[in-house]
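Q: Pasting a structure below so you can have a look.
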Amino acid sequence: MTSSTPPITISSAARRRAIVAGSVGNFIEWYEFGIYGFLATILAAQFFSDGEQTGIESLIATYASFAIAFFFRPVGAALFGRIGDRIGRKPTLILVLVLMSGATALIGILPTYASIGVAAPILLTLVRILQGLSAGGEFGGAVSVMTEFAPPGKRGLYGAWQSFTVALGLLGGAGTVALLSAVLSEADLAAWGWRIAFLLAIPLGAVALFLRLKLEETPEFQQITASGADGSDTAKAAAQPVVRAGAAATAKAILLGIGRLMGWSAAGYTFLVVMPSYLQSSLNASFQEALISTVLANAGFAATILPAGWLSDKIGRRWVMLTGTGLIVILALPLLNVLQNPDLGVGIHGLAVFVAGAVVGMIAGPGPAMLAEMFPTSVRYTGLGLSYSISNAVFSGSAGLIITSLIASTGDLDVPAYYVMATCVVSAIAIGTLRGNAHRTELRK
């Protein structure tokens, strides 16, 4: 027998704090991933070049380090997810934030290859691994907080704020790098100016920590812990979340979640982060032109996320996300061909990257709520984190490495389009299995 507990009253102020505190760490996470991608060509020269490799070889090495860090995200998701499902969302998110911000700032003080030789790329990779571990614990906790605080009928909109801060973080990273490149010479930016972008994680982290310290524990988690405070079965279940949900059922849900997210992961990272280096290395665009394209792509991404999340609360997650994946499959190659045509002009190029970002936002808006609805409270942090981090590790973290390597070996400049089209086809099949009324039901206990 389990004891019943009355519903917990949630104030509007508590719901607002949940959105802000849940979003702020995510902003820092994607700010860091953004600046790493936007500064990839500079980091390649600083950490992975001894003067003998070609630019494309050192860039591949840079993306390899990037991919390795992404593959530690699932480890972090499992570790911090289990902690978050046992002791609560709030303390776990605070720990994750401190580690994530510290690792980002540490990159800004690392010595380069010219200073310490081969130890430089090793140190950078180790710091990226720490960053990946901590970032792996961010998504599951942030989305759990947002969706568990959401009022009835608004989970899609509340969860969409997580994706929206991905766009804000990437835009913040692009804006920071663009500002640095505008006020510094190319030589100064390459020599020391790039460090400023990473060191900004210190003040950003301080603000985020202040906000998370004011966060309340989610009502869903309070209920399962309160109902088992007398030593009931619920308390034991909360202490052993995977056992309660069933290991096989949880694993199945995680695999399905990965399938539903892979198109979002691949298209999002290809269009929003990898594109600057692709434009520079493959299409001979300038650093400034590549950054402007990235800003426009992320602006398009940001423009559709919240409307898509809101719409998914009205008509369901399935149709909104299927529309997004379908549009990517149809438009990816034509949009890339527009970028490859120098005769079409800056305006048409800008519109193409804006549209590319916008269709990704149609998947990213409903995505967090869709995942939250797949898992019960006792494994939600873990399930969300593992689905998202594994999908990102395989299809985002490897995107730069896969695309750059295939272009180098085949000479085919359409590789980015083929990559996102293939992943979105698989995602569309997985999304098609969604229940049409899942958005109308309560979160699973």
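The values are calculated or read from the model by the stated rules, or taken from the named source; none is laboratory data. Owing to the predicted nature of the structure, the values given are computational and were not obtained by experimental measurement. Please note: Cβ atoms are built from the backbone with ideal geometry, for glycine as well, and neighbour counts cover all protein chains shown. Note: areas computed on protein heavy atoms with side chains; ligands, DNA, RNA excluded. Shrake-Rupley method; radii C 1.70, N 1.55, O 1.52, S 1.80 Å.
Q: For ASP412, only one of the following conditions fails: (1) open to solvent by 10 Å² or more (accessible area, probe 1.4 Å); (2) touching a residue at least 40 places away in the same chain (Cβ under 8 Å); (3) more than 30 Å from LEU79 (Cβ to Cβ). What is its number?
A: Failing condition for ASP412: (2).
Q: Now a separate question. Could you list, in sequence order, the residues of region 422-435 that are crowded, with 20+ Cβ neighbours inside 10 Å and assigned to a helix (DSSP H, G or I)? Explain how you work it out, then say what you get.
A: Within region 422-435, the first condition is being crowded, with 20+ Cβ neighbours inside 10 Å, and the residues that meet it are 423-424, 427-428, 431, 434.
Of everything in region 422-435, those that are crowded, with 20+ Cβ neighbours inside 10 Å and assigned to a helix (DSSP H, G or I) turn out to be THR423, CYS424, SER427, ALA428, ILE431.
Q: Does any residue in region 364-388 that is under 14 Å from MET262 (Cβ atoms) come within less than 9 Å, Cβ to Cβ, of a residue that is part of a loop (DSSP other than H, G, I, E, B) six or more places away or on a different chain, and which pairs are these?
A: Filtered contacts from region 364-388: MET370/LEU434; SER387/MET374; SER387/PHE375.
Q: Sticking with this one: Which pairs turn up if I take residues in region 109-129 that are basic (Lys, Arg) and look for partners that are open to solvent by 60 Å² or more (accessible area, probe 1.4 Å) with beta carbon separation below 8 Å, at least 6 apart in sequence or on another chain?
A: From region 109-129, the pairs are ARG128/ILE68.
Q: Return a yes/no flag: does region 385-400 have any residue that is part of a helix (DSSP H, G or I), surrounded by 23 or more Cβ atoms within 10 Å (Cβ to Cβ), of a type in the set (A, V, I, L, M) and touching a Gly at 6+ places or on another chain (Cβ under 8 Å).
A: Step one: filter region 385-400 for residues part of a helix (DSSP H, G or I), giving 385-396, 399-400.
Then keep just the ones that are surrounded by 23 or more Cβ atoms within 10 Å (Cβ to Cβ); that gives 385-393, 395-396, 399-400.
Of the ones still in play, those that are also of a type in the set (A, V, I, L, M) are 386, 390, 393, 399.
Those left that are additionally touching a Gly at 6+ places or on another chain (Cβ under 8 Å): 386.
Scanning region 385-400 turns up at least one residue that is part of a helix (DSSP H, G or I), surrounded by 23 or more Cβ atoms within 10 Å (Cβ to Cβ), of a type in the set (A, V, I, L, M) and touching a Gly at 6+ places or on another chain (Cβ under 8 Å).
Q: Could I ask something else about it? Suppose we filter GLY137, GLY175, GLY159, GLY153 for residues that are of a type in the set (Gly, Ala, Ser) and on the phi > 0 side of the Ramachandran plot; which single one remains? Steps first, please.
A: Working: GLY137 fails: on the phi > 0 side of the Ramachandran plot; GLY175 fails: on the phi > 0 side of the Ramachandran plot; GLY159 fails: on the phi > 0 side of the Ramachandran plot.
So the residue among GLY137, GLY175, GLY159, GLY153 that is of a type in the set (Gly, Ala, Ser) and on the phi > 0 side of the Ramachandran plot is GLY153.
Q: Can you list residue pairs whose Cβ atoms sit under 6 Å apart, with the first residue in region 1-18 being modelled with pLDDT of 55 or more and the second being assigned to a loop (DSSP other than H, G, I, E, B) and open to solvent by less than 50 Å² (accessible area, probe 1.4 Å)? Count only pairs 6 or more apart in sequence or on different chains.
A: That search, which allows pairs on different chains as well, returns ARG17/LEU215.
Q: ALA393 fails exactly one of the following numbered conditions: (1) farther than 28 Å from THR62 by Cα; (2) under 18 Å from the mean Cα position of the chain (by Cα); (3) hydrophobic (A, V, I, L, M, F, W, C). What is the number of that condition?
A: Every condition holds for ALA393 apart from (1).
Q: Would you say ILE328 is open to solvent by less than 10 Å² (accessible area, probe 1.4 Å), touching a helix residue (DSSP H, G or I) at 6+ places or on another chain (Cβ under 8 Å) and at pLDDT 90 or above? Lay out the reasoning, then the answer.
A: Values: open to solvent by less than 10 Å² (accessible area, probe 1.4 Å): yes; touching a helix residue (DSSP H, G or I) at 6+ places or on another chain (Cβ under 8 Å): yes; at pLDDT 90 or above: yes.
So ILE328 fits the description; yes.
Q: Follow-up question, since we're still on this one. Just checking, how many residues over region 360-384 are in a helix (DSSP H, G or I) and open to solvent by 10 Å² or more (accessible area, probe 1.4 Å)? Explain how you work it out, then say what you get.
A: So the first thing to find is which residues in region 360-384 are in a helix (DSSP H, G or I), and the list is 360-364, 367-372, 377-384.
Checking the rest, the ones that are also open to solvent by 10 Å² or more (accessible area, probe 1.4 Å) come to 362, 382.
The number of residues fulfilling the criteria is 2.
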